[in-house]
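Please read the structure below before turning to the comments.
The values are calculated or read from the model by the stated rules, or taken from the named source; none is laboratory data. These figures come from a predicted structure and were not determined experimentally. Ideal geometry is used to build each Cβ from the backbone, glycine not excepted, and the neighbour counts take in all protein chains shown.
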């Protein structure tokens, strides 16, 4: 992010209070997570870690995460009524607090989400000023900011996979901002995380999904749009 | 090439050389650095100012009790109190700054200007300024751009975050933005605008961030009111050409130096100051979640 600060970082953002890290950032973690899940969850287990563990209620981070999980934006006045709206929508939720998790960032939230047959676990960090990092998805290192358009691909760990994916993206004249690849074990699947300056067309996403060596593809357009 | 807001001396030189008003380089900067259009910037500023005014009015009209109970409709009480300490305008200024900040503490919609913790200061001052002097919205929006330019410099040379520079970085910066905007809107010269910024910073230097129970409530809400008052007192001094003596760029450097040397217990950690008082700790015990699983020191999650 070599970008210079914007006038609207100084006079803004417009947001629901009280705190950019405890409300705005948490809403954004929720918005990123439902794009990983592929929709608004039926069940959400939310674990607040470390500094979040004791303060989430006072800062309204519990309402903020539910608001984000119901696709509310950071300036949505309905966030304050997130509990009531979740009940209406049939979103079941529970909260847990865990302290002293030294491997985690001070402001970390873990989301275990269920929608139909699909279950995901997303770990998000609120970095301050509303900025976030989605650190893991189902145990894979993801590490993306959700500021740009993000592509997450789980694929067989074969040679040439990275170059192939990059060349498909290049066809759309989309600039890759960051790209990382990680895997759990040597013969396990690799997880590619690619952040792009502009979005991809549906046809490109469908093509990548159709490839036999790609087992899962998650596309997360800019979460603030 | 747009001006990059490295310091106040450079901003002034740029305006004098190009013979443009103070807000013009801020507009150019946003267009050049962020690829924005002039139209989008003005409409964004109008939206921000509208949200600011809404926050003031919401805080004076609706029920404002925070989850902790520490914030409990203070702005309305101040607004309605029958005796004005100085003048009805001063009473309105204070209650409006409180109102917008209470909205923030109670999960309402605000503009983080520059931060959420300082979100009552520009609304309180600009709402009151516009009312007293009958200013057009466009004039206030230019003032907001001047405020943004002030914040851009402070961000680069010091900090805008309480966790980095203490409360001076948040309410201090907001007060400096407000003071500069006031003097600009009242037709002050570049030197007078920057002098107002310098005087405001001098008044706000050293403020620590010591929120009770770590919440953005005590003392944040009342500090938004005092910062709004200081923005106005500094503007009054600066308009009369009373010099801050220490130039504005050096005042910002002092703010950065103080922030860098401030102990971490005074930087939003709720470990010192008011947060560490007997009552602060009692409130913290009551407000914070106690039902929490603490992992043993060695064991890692999962």
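Okay, residues lined up against (1) closer than 27 Å to residue A:16 by Cα; (2) at pLDDT below 95:
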residue: A:117; (1), (2): no, no
residue: A:126; (1), (2): yes, yes
residue: A:168; (1), (2): no, yes
residue: A:191; (1), (2): no, yes
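Within the range A:126-145, being within 17 Å of residue A:45 (Cα to Cα), within 12 Å of the chain's Cα centre (by Cα) and in contact (Cβ under 8 Å) with a residue 24 or more places away in the chain holds for A:134, A:137.
Say we look at the range A:89-108 and pick out the residues that are over 23 Å from residue B:214 (Cα atoms) and out of contact with any strand residue (DSSP E or B) (no Cβ under 9 Å at 6 or more places or on another chain); which of these is nearest to the other protein chains (Cβ to nearest Cβ)? Looking at the filtered set, the residue picked out is A:89. Evaluation of residue B:139 against the conditions (1) assigned to a helix (DSSP H, G or I); (2) closer than 20 Å to residue A:13 by Cβ; (3) touching a helix residue (DSSP H, G or I) at 6+ places or on another chain (Cβ under 8 Å) shows that the sole unmet condition is (2). Screening residue B:118 against (1) out of contact with any strand residue (DSSP E or B) (no Cβ under 7 Å at 6 or more places or on another chain); (2) in contact (Cβ under 8 Å) with a residue 40 or more places away in the chain; (3) closer than 28 Å to residue B:60 by Cα; (4) surrounded by fewer than 24 Cβ atoms within 10 Å (Cβ to Cβ) leaves a single unmet condition, (4).
Just one of the listed residues (A:186, A:154) is under 26 Å from residue A:103 (Cβ atoms) and surrounded by fewer than 14 Cβ atoms within 10 Å (Cβ to Cβ), and it is A:186. What's the total number of residues in the range A:76-88 that are more than 12 Å from residue A:31 (Cβ to Cβ), facing another protein chain (nearest Cβ under 8 Å) and either in contact with a helix residue (DSSP H, G or I) (Cβ under 6 Å, 6 or more places away or on another chain) or crowded, with 17+ Cβ neighbours inside 10 Å (or both)? Of the residues in the range A:76-88, 1 are more than 12 Å from residue A:31 (Cβ to Cβ), facing another protein chain (nearest Cβ under 8 Å) and either in contact with a helix residue (DSSP H, G or I) (Cβ under 6 Å, 6 or more places away or on another chain) or crowded, with 17+ Cβ neighbours inside 10 Å (or both).
Examine the range A:153-164 for a residue that is in contact with a helix residue (DSSP H, G or I) (Cβ under 6 Å, 6 or more places away or on another chain) and either over 18 Å from residue A:216 (Cβ atoms) or in contact (Cβ under 8 Å) with a residue 40 or more places away in the chain (or both), and state whether such a residue exists.
Yes, there is a match, as at least one residue in the range A:153-164 is in contact with a helix residue (DSSP H, G or I) (Cβ under 6 Å, 6 or more places away or on another chain) and either over 18 Å from residue A:216 (Cβ atoms) or in contact (Cβ under 8 Å) with a residue 40 or more places away in the chain (or both).
Being farther than 30 Å from residue B:132 by Cα and either more than 14 Å from every other protein chain (Cβ to nearest Cβ) or crowded, with 16+ Cβ neighbours inside 10 Å (or both) is true for just one of B:283, B:294, B:230, B:218. Which residue is that? Break it down stepwise before answering.
Working: B:294 fails: either more than 14 Å from every other protein chain (Cβ to nearest Cβ) or crowded, with 16+ Cβ neighbours inside 10 Å (or both); B:230 fails: farther than 30 Å from residue B:132 by Cα; B:218 fails: farther than 30 Å from residue B:132 by Cα.
It is B:283.
One residue stands out among those in the range B:17-29 that are crowded, with 16+ Cβ neighbours inside 10 Å and touching a residue at least 60 places away in the same chain (Cβ under 8 Å): the one that is farthest from the other protein chains (Cβ to nearest Cβ), which is B:22.
Only one of B:50, B:65 is surrounded by fewer than 18 Cβ atoms within 10 Å (Cβ to Cβ), under 30 Å from residue A:66 (Cβ atoms), in contact (Cβ under 8 Å) with a residue 24 or more places away in the chain and more than 14 Å from the chain's Cα centre (by Cα). Can you tell me which? Selected residue: B:65, the only one of B:50, B:65 that is surrounded by fewer than 18 Cβ atoms within 10 Å (Cβ to Cβ), under 30 Å from residue A:66 (Cβ atoms), in contact (Cβ under 8 Å) with a residue 24 or more places away in the chain and more than 14 Å from the chain's Cα centre (by Cα).
I'd like the residue in the range A:10-28 that is in a helix (DSSP H, G or I) and in contact with a helix residue (DSSP H, G or I) (Cβ under 8 Å, 6 or more places away or on another chain) and, out of all such residues, is surrounded by the most Cβ atoms within 10 Å (Cβ to Cβ). Write out each step before concluding.
Our first condition is that a residue be in a helix (DSSP H, G or I); within the range A:10-28, this holds for A:10, A:20-28.
Within this subset, residues satisfying the condition of being in contact with a helix residue (DSSP H, G or I) (Cβ under 8 Å, 6 or more places away or on another chain) are A:10, A:20, A:22-24, A:26-28.
Values: A:10: 28, A:20: 25, A:22: 25, A:23: 29, A:24: 28, A:26: 34, A:27: 32, A:28: 25.
The residue in question is A:26.
I need the strands (runs of 3 or more DSSP E) fully contained in the range A:175-225, keeping only those with at least 2 residues that are farther than 21 Å from residue A:39 by Cα.
So the answer is A:176-183, A:190-196.
Checking each residue in the range A:79-94 for being in contact (Cβ under 8 Å) with a residue 40 or more places away in the chain, farther than 19 Å from residue B:107 by Cα and over 21 Å from the mean Cα position of the chain (by Cα) picks out A:89, A:90. Only one entry of B:225, B:244 meets the criterion of being in contact with a helix residue (DSSP H, G or I) (Cβ under 7 Å, 6 or more places away or on another chain), modelled with pLDDT of 95 or more and either within 14 Å of another protein chain (Cβ to nearest Cβ) or assigned to a helix (DSSP H, G or I) (or both), and that entry is B:225.
Evaluation of residue B:270 against the conditions (1) outside any loop (DSSP other than H, G, I, E, B); (2) within 26 Å of residue A:57 (Cα to Cα) shows that the sole unmet condition is (1). Is there a residue being within 11 Å of another protein chain (Cβ to nearest Cβ) and surrounded by fewer than 24 Cβ atoms within 10 Å (Cβ to Cβ) anywhere in the range B:163-178? There is at least one residue in the range B:163-178 that is within 11 Å of another protein chain (Cβ to nearest Cβ) and surrounded by fewer than 24 Cβ atoms within 10 Å (Cβ to Cβ).
Scan the range B:174-194 and give yes if some residue there is closer than 26 Å to residue B:38 by Cβ, in contact with a helix residue (DSSP H, G or I) (Cβ under 6 Å, 6 or more places away or on another chain) and at pLDDT below 95, otherwise no. Scanning the range B:174-194, I find no residue that is closer than 26 Å to residue B:38 by Cβ, in contact with a helix residue (DSSP H, G or I) (Cβ under 6 Å, 6 or more places away or on another chain) and at pLDDT below 95, so the answer is no. Filter the range A:114-140 down to residues that are within 14 Å of chain B (Cβ to nearest Cβ), over 14 Å from residue A:31 (Cα atoms) and in contact with a helix residue (DSSP H, G or I) (Cβ under 8 Å, 6 or more places away or on another chain), then give me how many there are. Number satisfying all stated conditions: 3.
To keep it simple, each residue is scored yes or no on (1) buried (at least 24 other Cβ atoms within 10 Å of the Cβ); (2) assigned to a loop (DSSP other than H, G, I, E, B); (3) not assigned by TED's automatic domain parsing to the domain that holds residue A:116.
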{"position": "A:30", "(1), (2), (3)": "yes, no, no"}
{"position": "A:35", "(1), (2), (3)": "no, no, no"}
{"position": "A:41", "(1), (2), (3)": "yes, yes, no"}
{"position": "A:59", "(1), (2), (3)": "yes, yes, no"}
{"position": "A:67", "(1), (2), (3)": "yes, no, no"}
{"position": "A:73", "(1), (2), (3)": "no, yes, no"}
{"position": "A:96", "(1), (2), (3)": "no, no, no"}
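Name every residue in the range A:43-57 that is touching a strand residue (DSSP E or B) at 6+ places or on another chain (Cβ under 8 Å) and either at pLDDT 95 or above or not in a helix (DSSP H, G or I) (or both), in order of residue number.
A:43, A:44, A:45, A:46, A:47, A:48, A:49, A:50, A:56 - these are the residues of the range A:43-57 that are touching a strand residue (DSSP E or B) at 6+ places or on another chain (Cβ under 8 Å) and either at pLDDT 95 or above or not in a helix (DSSP H, G or I) (or both).
Residues in the range B:1-16 that are within 13 Å of residue B:152 (Cβ to Cβ) and in contact (Cβ under 8 Å) with a residue 60 or more places away in the chain: B:5, B:6, B:7, B:8, B:11.
Residue-level analysis places residue A:21 among those that are within 13 Å of another protein chain (Cβ to nearest Cβ) and under 30 Å from residue B:29 (Cβ atoms).
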